[in-house]
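> Could you have a look at this structure, given as structure tokens, before my questions?
The values are calculated or read from the model by the stated rules, or taken from the named source; none is laboratory data. Quantities reported herein were computed from a predicted structural model and do not represent experimental measurements. We place every Cβ from the backbone using ideal geometry, glycine too, and count neighbours over all the protein chains shown.
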């Protein structure tokens, strides 16, 4: 789930230039602005 926030800096989850083949299976937006994004690795 994605919570809309503003951040100045932090640790990267993946290294620059890395790619992971993913397929978006579901996308839902809730009234409070949170978005559910469900992916499957291909």
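> Within the set of pairs 6+ apart or on separate chains, which have a first residue in the range 1-18 that is modelled with pLDDT under 70, a second that is surrounded by 10 or more Cβ atoms within 10 Å (Cβ to Cβ), and C-beta atoms under 9 Å apart?
As it stands, the answer is 1/34; 1/35; 1/36; 1/37; 4/34; 4/35, since those pairs meet every condition given.
> What number of residues in the range 21-41 are surrounded by 10 or more Cβ atoms within 10 Å (Cβ to Cβ) and within 12 Å of the chain's Cα centre (by Cα)? Before you say what the answer is, go through the steps one by one.
Initial filter on the range 21-41 (surrounded by 10 or more Cβ atoms within 10 Å (Cβ to Cβ)): 22, 27-29, 34-40.
With within 12 Å of the chain's Cα centre (by Cα) added as a condition, the list becomes 22, 27, 34-39.
Of the residues in that region, 8 qualify.
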